[in-house]
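To start, the structure under review is shown below, and the notes come after it.
The values are calculated or read from the model by the stated rules, or taken from the named source; none is laboratory data. Computed from a predicted model, the values in this text were never measured in an experiment. So basically every Cβ, Gly included, is an ideal-geometry build from the backbone, and we count neighbours across all protein chains shown. The area values use the complete protein model at the heavy-atom level, side chains included, leaving out ligands, DNA and RNA. Shrake-Rupley method; radii C 1.70, N 1.55, O 1.52, S 1.80 Å.
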Amino acid sequence: QVREWKNEGSKRYMCTGRPGWLTVSLRVGKYKKIHKNIMINLMDVLEVDSEREVVRVEPLVTMGQLTAHLNPMGWTIPVVPELDDLTVGGLIMGTGIESSSHIYGLFQHTCVAYELVLADGSLVRCSPTENSDLFYAVPWSCGTLGFLVAAEIKMIPAKKYVKIHYEPVRGLQKICEKFTEESKKKENSFVEGLVYSLEEAVIMTGVLTDEAEQSKINRIGNYYKPWFFKHVEKYLKADRTGIEYIPSRHYYHRHTRSIFWELQDIIPFGNNPVFRYLFGWMVPPKISLLKLTQGEAIRKLYEQHHVVQDMLVPMKSLEKSIQTFHVDLNVYPLWLCPFILPNNPGMVHPKGDEAELYVDIGAYGEPRRKQFEARASMRQMEKFVRSVHGFQMLYADCYMTREEFWDMFDGSLYHKLREQMNCKDAFPEVYDKICKAARH
């Protein structure tokens, strides 16, 4: 298809032909209508190499599909981003994170090689030792350097259960101290925080294990179970700590049934026990279905009165960040997920020369701030995130100007490669693909 595009005279930019409503991002890319759509229907797990401890997959393989394939073989991947429908391609070209990221980094940091079709129609493989510039430039590039056709991801041995410890913490300073302390411990397989108000949170730490106390096993993935964030809130309300054993796959997809807490706005009675027992098997609705059936008026309403944002900030700025989120948005719960950010080349790396501990703050829901105005409030947030050398996940609405965007992200390697590989006539720049100001 790419060679055909070249023969036709390379008149339009190219993009993947996957319809916008199929993606997990709430944004619908308008560029799909005007660019040359390249169909990439590659959705298979290609090989599981237990010698090298690597799994090779195509870009449309989803997290649900991958864990279902690997777990019975005794393997898993180190970072399993939350929702079942997230694809490998999306997690590499965008980004992905999970509560194990304080050990392994972002999803891209667990990948050991990519295979891409470039603008000239050639197929290349890149890794830290082979075409390394391209390897480090691909993450966060949103498909603007080439088309991903395969990726190799590290595997680790799977265990049956995650032993979870729930601990309610009160007081913002205490929350931040406890969360930072747990995130630094490598013996925690998982660390996650749910912040229910400016002064209240539950911090969860988990350890992978094959043994479990039968009486404390909680299969939270079963359709009739309470939504996970509501289950966690019980520990806060009762003001008690607790320990449970959750089957690993249920843990990996623990926020899937309630789409974190987005479903409470879509089906307010969805967590009612009667609804769960009778109709729980029908939820969650696919995000793709919600987008496909959503009219333009509803979409605009959502944009103005609803926030779905992930901001990645240095751990040392956590307290200041939560306060800023509180003032500018006032959305709860907030999701806290720690990750180590290595000093690799590419668009996203820490300010100094060393790897640094960061935290993803996820705000999903209806802002309760009285004067919330989507554009102004988000620009304020973006300015704060740039000031602490943080990053905004690119699946979300982004209101920055081009200068502000390249102030947040390091474009040096990216622009060099676009020049070298003649991408400028083939693909739009990443800013033009994702930013509000660029999409008319």
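Quick notes
- Looking across the stretch 409-420, the residues that are open to solvent by 40 Å² or more (accessible area, probe 1.4 Å) and either touching a residue at least 60 places away in the same chain (Cβ under 8 Å) or touching a strand residue (DSSP E or B) at 6+ places or on another chain (Cβ under 6 Å) (or both) come down to 410, 416.
- Residue that is least open to solvent (accessible area, probe 1.4 Å) [pool: residues in the stretch 249-266 that are out of contact with any helix residue (DSSP H, G or I) (no Cβ under 8 Å at 6 or more places or on another chain) and farther than 29 Å from residue 73 by Cβ]: 263
- Those strands (runs of 3 or more DSSP E) lying entirely in the stretch 134-201 with at least 2 residues free of Cβ contacts under 8 Å to residues at least 60 places away in the same chain: 161-170
- Subset of the stretch 392-427 [under 19 Å from residue 119 (Cα atoms) and touching a Cys at 6+ places or on another chain (Cβ under 8 Å)]: 417, 427
- Of all residue pairs spaced 6 or more apart or on separate chains, those with beta-carbon atoms under 6 Å, a first member in the stretch 6-23 that is within 16 Å of residue 121 (Cβ to Cβ) and at pLDDT 80 or above and a second member that is in a loop (DSSP other than H, G, I, E, B) and open to solvent by 50 Å² or more (accessible area, probe 1.4 Å) are 10/425.
- Hey, residue 425 open to solvent by 40 Å² or more (accessible area, probe 1.4 Å), acidic (Asp, Glu) and in a loop (DSSP other than H, G, I, E, B) or not: yes
- Qualifying residues in the stretch 25-38 (those that are part of a loop (DSSP other than H, G, I, E, B) and out of contact with any strand residue (DSSP E or B) (no Cβ under 8 Å at 6 or more places or on another chain)) - the one modelled with the highest pLDDT: 30
- If you check 241, 205 for being in contact (Cβ under 8 Å) with a residue 40 or more places away in the chain, touching a helix residue (DSSP H, G or I) at 6+ places or on another chain (Cβ under 6 Å) and under 30 Å from residue 173 (Cα atoms), only one passes: 205.
- For the stretch 221-242, a residue qualifies if it is in a loop (DSSP other than H, G, I, E, B) and open to solvent by less than 70 Å² (accessible area, probe 1.4 Å), and the qualifying residues are 221, 222, 225, 226, 227.
- Some residue of the stretch 401-408 being in contact with a Lys or Arg (Cβ under 7 Å, 6 or more places away or on another chain), part of a helix (DSSP H, G or I) and open to solvent by less than 10 Å² (accessible area, probe 1.4 Å): yes
- Here 298, 267, 287 are screened, and the one residue that is farther than 23 Å from residue 164 by Cβ, within 21 Å of the chain's Cα centre (by Cα), among the β-branched types (Val, Ile, Thr) and modelled with pLDDT under 80 is 287.
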